[in-house]
Each structure stands twice: as C-alpha cells, then as structure tokens.
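Undergrad: My questions will all concern the structure given below.
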Amino acid sequence: MAAAGAISVWISTSTPTKITAFISKPRICYPLKLSRNGIYPLSTFERNGQYEQNLTIKAAASSSVGSAEYTEEPATKVKFQRSLSLPGCSTSLSLLGTGYREKIFAIIGVKVYAAGLYVNDSVFSRLDAWRGRSAADIQQDPSLFNKIFEADLEKSLLIVLVRDVDGKTFWDALDEAISPRIKSPTADDKSALSTFRGVFQGKPLKKETSIFLTWIDPNKMLVSLSFDGMPSSVDATIESPNVASALFDVFLGGDPVSPTLKASVAKGLEATLK
C-alpha cells in the first residue's frame, strides 16, 4: 500500500451522480465503475450542486492505481504489473516484454489477447555472453532464448484475453501450435497435454481473463486461471519437458505466434544487458 495522496476519480454513468462533500472525506455514491485494466471516464457528476468532470480526493493509494507499477501493451491497452508473485514461485518475477496475439478472420486481423513474459532476475547473470548486443541481434539468436528456457529458474507467461473466447476454442488454437513442435510424443507428453486441455474445457473465458503459464524449471509447468486479478492457486501441473519446451517455443522460438512479444522481450533484454 502506497502513501496517501491525491487520486483523480472519474465517474462512469449516464446520469449525474450525487457526491456529498465533507471537509476531510468526500463520499462518492454509486455508480462508480473502475476496471482492472484502467479507469472508465464519462460525462459529469454533481458536487455541492455543481456539475464537474472529475473529483480529486485524498486517499491511501494502492499500487493498482500508480501507473509506475504497470507497463501498458500499446496495441491492446492491457496493463501488466511490472512485478508478480505467483503460486509455486520462490521469488517475484519481473516483466521483460509485452505483445499481442492476432488471428486473421476473413482477411481482417482480430486481436485475441495480450501477453507478457516475466522472469526471475537471476537469469540475467547467466546471459553475460549477450551483453552489449542489439535487440535485432538478440531477437535472431535462438541460443539466447534457449539459455533462458533451460535456466533452472522460474519464468511465466501471462495471457490476458481482450475478447470473450470459449475455453475449447482457446485450447484448440494453443494445441494447434504446440502439437507440431512435439515430433514423437511419449505417453507422458500425451498425458500432460490431456491435463493441459482439461484446464480450459467447458470454461467460458471472458474478456480480461488472465491465464498464467509458469515454468518452474525446464521439466515442470504450472497453469493458473484467474477471472478477476491474481491467481490464488494452481489449476494444473504439467510435467513433461517436451510440452514445456514446445510451449516456450510457441511464443519465443523461431516462428512465434506473437512476433510483437518476442520483439519486445528482445528490447527488454537489450536494455537489461547493456
């Protein structure tokens, strides 16, 4: 919780909303609509008989309000926390880059989700060979991304949906990218994929649903869904080095499903490895 400060609040309503003002603590009456991904501004509200467009109040501002705690993915406007503490991880993870996934329907590109890659900061001490390299060089060097994946340190991919998607549809699209990357699936691989599929089957994934895919190490991956904020538990544990590796390759390999994410991660690495 940050120190008390001034917070600009916007009211989301089609009708004037009454605000009763006190000397020290203004009270806001409903409706007031705040979103996890931002604040919705709208029309006016009434304060002491006067219509105004916003109200500045004194309050204890949480980290969810401070823009310094977030990075916005520019194409989708999804805000990613710069640091995450996730179930199953021994330490907090830092945001390295963001991007988005786009699907083509009838020649029209439709954005499906935004994605952010988080890593354990200790991984940077293992990347000295790439210090001083440009983002363009980094992006074209598969050995660097292999090094990150093979490091026995946690990393996590956060996917935030920007439209409603049926769980089966989401899994089918993901499986379409994963399965070709596993040339000769073993019984363990098939079991892991079945477990992975079960997380999404029968679930309507609404806009702003968060999907956390967390590699604990190169052989083990945790899957968590959250429909409102951070996850409180792990929904599935995937124990298959082939599946874990294939999923990492889907997003950060030679033919990533989100080129914007890989490009952003490369820029993040360039800045960190100066």
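Each value in this text was obtained by applying a stated rule to the coordinates, not by laboratory testing. Here the structure is a predicted model, which means the values were calculated and not measured. All Cβ positions, even for glycine, are placed from backbone atoms using ideal geometry, and neighbour counts span all protein chains on display.
Undergrad: Going by how many other Cβ atoms sit within 10 Å of their own, how do SER143, SER210, SER264 line up, fewest first?
TA: Going from sparsest to densest Cβ surroundings: SER143, SER210, SER264.
Undergrad: Could you please tell me the mean projected area of the C-alpha convex hull for region 70-272, averaged over all directions and given in square nanometres to one decimal?
TA: About 10.9 nm², averaged over all directions.
Undergrad: Dividing the convex hull volume of the Cα atoms of region 175-274 by its residue count, what figure in Å³ per residue is obtained?
TA: 131
Undergrad: Further question: Going by Cα centres, region 134-171 and region 211-274 are how many Å apart?
TA: So the separation of the two Cα centres works out to 4 Å.
Undergrad: Describe numerically, in nm with one decimal, the distance between label points set 7 Å from Cα along Cα→Cβ at ARG126 and at ALA173.
TA: Placing both labels 7 Å along Cα→Cβ, they lie 3.1 nm apart.
Undergrad: Next question. In nm, to one decimal, how far is the LYS190 label point from the LYS220 one, both placed 7 Å along Cα→Cβ?
TA: 2.6
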